[in-house]
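The values are calculated or read from the model by the stated rules, or taken from the named source; none is laboratory data. Note that this is a predicted model, so its numbers are computed, not measured. Heads up, the Cβs are rebuilt from the backbone with ideal geometry, glycines too, and the neighbour counts pull from every protein chain shown.
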């Protein structure tokens, strides 16, 4: 039996003011809480022997990966294919503003969620076309366990791929800030063992970080 495990983490929290905005290639830093989330994962994952920790070149992904790597002997490898979806002219804009200013484009996006491209940007099909081949490459090269620190869109297209879901269902998959997914591949077959797990501090025992699933 040939077994590989891919730990798929979303970067830590960014400025909450961007929760109602389109966030793609805009380069945002982690908040203090985002740093804390990464530090807690560093503690939880310290005993894991990752061959490599892969991340995008955007600050929120790279910083999360670097913090976790500080607790392991793993090296960080920056991979541009792991960048979040390119939202073009919509990047950083409030969703309500886009809906009000560009009603036809908003309607087109709703009718073709998988294939619609914002002006100057990518569709989710485009995102999948660059992310999935890289993910499959990581799986092929894996010798045991690897870690990918991705983004919400990136992680969701990977999970759609391994679960056999159409990209139109992408937003049905929860990906909270700092959440962990664990994907196992045994003899060529994928299985999602953990999805959208958060790391939390147990307030009663004071025993440090523990996994909380959400």
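Side notes on the structure shown:
- Looking across region 114-131, the residues that are over 13 Å from residue 167 (Cβ atoms) and assigned to a loop (DSSP other than H, G, I, E, B) come down to 117, 118, 119, 120, 121.
- Single residue of 100, 94 found to be surrounded by fewer than 20 Cβ atoms within 10 Å (Cβ to Cβ) and in contact (Cβ under 8 Å) with a residue 40 or more places away in the chain: 94
- Only one of the numbered conditions (1) modelled with pLDDT under 95; (2) more than 24 Å from residue 189 (Cα to Cα); (3) not in a helix (DSSP H, G or I) is not met by residue 77, and that is (1).
- Selection count, region 149-197, where residues are without any contact (Cβ under 8 Å) to a residue 60 or more places away in the chain, touching a helix residue (DSSP H, G or I) at 6+ places or on another chain (Cβ under 6 Å) and part of a helix (DSSP H, G or I): 6
- Enumeration of residues in region 124-163 that are more than 19 Å from residue 58 (Cα to Cα), buried (at least 17 other Cβ atoms within 10 Å of the Cβ) and out of contact with any strand residue (DSSP E or B) (no Cβ under 7 Å at 6 or more places or on another chain): 160, 161
- Selected residue (criterion: farthest from residue 70 (Cα to Cα)) from residues of region 132-148 that are out of contact with any helix residue (DSSP H, G or I) (no Cβ under 6 Å at 6 or more places or on another chain) and assigned to a helix (DSSP H, G or I): 133
- Residue among 24, 12 that is under 17 Å from residue 65 (Cβ atoms) and either outside any loop (DSSP other than H, G, I, E, B) or modelled with pLDDT of 95 or more (or both): 12
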